[in-house]
1. Name the single residue, out of those in region 67-79 being part of a loop (DSSP other than H, G, I, E, B) and within 18 Å of LEU100 (Cα to Cα), that is nearest to the chain's Cα centre (by Cα).
2. Let me confirm something: among VAL210, VAL255, VAL180, which residue is buried (at least 18 other Cβ atoms within 10 Å of the Cβ) and either over 30 Å from HIS117 (Cβ atoms) or within 14 Å of the ligand (Cβ to nearest atom) (or both)?
3. I'd like to know if region 80-98 contains one or more residues that are away from the ligand (no atom under 16 Å from the Cβ) and either under 22 Å from GLY163 (Cβ atoms) or without any contact (Cβ under 8 Å) to a residue 12 or more places away in the chain (or both).
4. Among (1) outside any strand (DSSP E or B); (2) in contact (Cβ under 8 Å) with a residue 12 or more places away in the chain, there is one condition ALA64 misses while meeting the rest; what is its number?
5. Quick one: ALA103 ticks every box in (1) within 15 Å of the ligand (Cβ to nearest atom); (2) farther than 20 Å from ASN199 by Cα except a single one, so which number is it?
6. Just give me the residues in region 216-238 being among the hydrophobic types (A, V, I, L, M, F, W, C), out of contact with any strand residue (DSSP E or B) (no Cβ under 9 Å at 6 or more places or on another chain) and either more than 17 Å from SER160 (Cβ to Cβ) or touching a residue at least 60 places away in the same chain (Cβ under 8 Å) (or both), in sequence order.
7. Quick one: which residue in LEU165, LEU147 is over 16 Å from the mean Cα position of the chain (by Cα) and assigned to a helix (DSSP H, G or I)?
8. Would you please name the residue that is nearest to ASP141 (Cα to Cα), looking only at residues in region 42-61 that are surrounded by fewer than 24 Cβ atoms within 10 Å (Cβ to Cβ) and within 16 Å of the ligand (Cβ to nearest atom)?
Amino acid sequence: MTGDHRTDATAATDGGHGLLRGKIALITGASSGIGAAAARVFAREGATVVLTARREERLRDLAAELREQGAEAAHVAADVTRREETSRAVAFTVERYGRLDVAFNNAGYGEGRTPLHLMDDDVYDRIMDINVRGVWNFLRDEIAVMLDGGTKGAIVNTSSVGGLLATPVAAPYVASKHAVIGLTKAAAAEYAASGIRVNAVAPGTTRSEVVEDWFAKNPGMEEALHAATPQPRTAAPEEIAEAAAWLLSDRASFVTGATMPVDGGFTMV
Ligand SMILES: NC(=O)c1ccc[n+]([C@@H]2O[C@H](COP(=O)([O-])OP(=O)(O)OC[C@H]3O[C@@H](n4cnc5c(N)ncnc54)[C@H](OP(=O)(O)O)[C@@H]3O)[C@@H](O)[C@H]2O)c1
């Protein structure tokens, strides 16, 4: 657990709109892709960011980059499947910054591309453990500290277009991302009256490193996805991060229990 403590968060907010000014934000899956983009977007929008994932080196480098730009950033390594580690990450945030205002539960994992009846139990267990238990683990401690601190907090969980519809040869991933929406709605219903909002984003195909690798190994896949998407392209990680930033901001003050597709229209057709 490291990260310098600085109070001057002006430089990194250049170009932002102060959407998250003064907010203490925890971001899971911050070592790459959408989570790393969220760290940059949230910092630019004025948040103090705590970055978590397993690859500590990447977190350390990203936190240092943000601090160089004048933001306040720290990191804490945690595996989302281990409750003691997720609890430690939330506790670290509160110990260091006094409270938790907003959380982006974004860590996730997919593998398989195998017909359902041939899929290994191991694959199912791994995906459910990271995508569902991972959100479950963080959600409980985040809500607990928001209630304790009297914070009118906001939480965004990362689902997927696979949480809204089914695509073939991805049954555990589809089930896990539907479950993330279920957890989002259940938590939103339970804590709305306490002032805590809980929403989800449902990204379409987004050009993170894993997806770029997948495209490289599967020629024609990218073009096929473009053809199936009204806006005929894939998303940049920043486009998902921007939606999460808005949902976490006070501008979305009457939005809870919602799942926002960020998919170029993929799920509307
Ligand atoms: N890219 C897409 O097309 C797409 C589409 C729909 C939804 N999504 C969802 O968007 C989220 C981010 O994905 P991405 O595209 O940005 O992929 P990514 O670059 O692979 O990022 C996944 C992040 O999750 C973290 N993570 C995975 N397993 C973890 C574990 N056990 N404990 C802690 N952290 C863990 C990884 O960090 P470490 O490896 O360092 O732990 C990494 O930071 C995921 O929930 C994914 O399902 C992505």
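1. If we take residues in region 67-79 being part of a loop (DSSP other than H, G, I, E, B) and within 18 Å of LEU100 (Cα to Cα), then ALA78 is nearest to the chain's Cα centre (by Cα).
2. VAL180
3. Here is the first cut: in region 80-98, the ones away from the ligand (no atom under 16 Å from the Cβ) are 91, 94-98.
So of that shortlist, the ones also either under 22 Å from GLY163 (Cβ atoms) or without any contact (Cβ under 8 Å) to a residue 12 or more places away in the chain (or both) come out as 95.
Yes, because at least one residue in region 80-98 is away from the ligand (no atom under 16 Å from the Cβ) and either under 22 Å from GLY163 (Cβ atoms) or without any contact (Cβ under 8 Å) to a residue 12 or more places away in the chain (or both).
4. Against the list (1) outside any strand (DSSP E or B); (2) in contact (Cβ under 8 Å) with a residue 12 or more places away in the chain, ALA64 comes up short only on (2).
5. With (1) within 15 Å of the ligand (Cβ to nearest atom); (2) farther than 20 Å from ASN199 by Cα applied to ALA103, the lone miss is (2).
6. ALA216, ALA224, ALA227
7. After ruling out the rest, the residue left standing is LEU147.
8. ARG54
The values are calculated or read from the model by the stated rules, or taken from the named source; none is laboratory data. Small disclaimer: the values here were computed from a predicted structure and weren't measured. Glycine also receives a Cβ, built like all others from the backbone with ideal geometry; neighbour counts cover every protein chain displayed.
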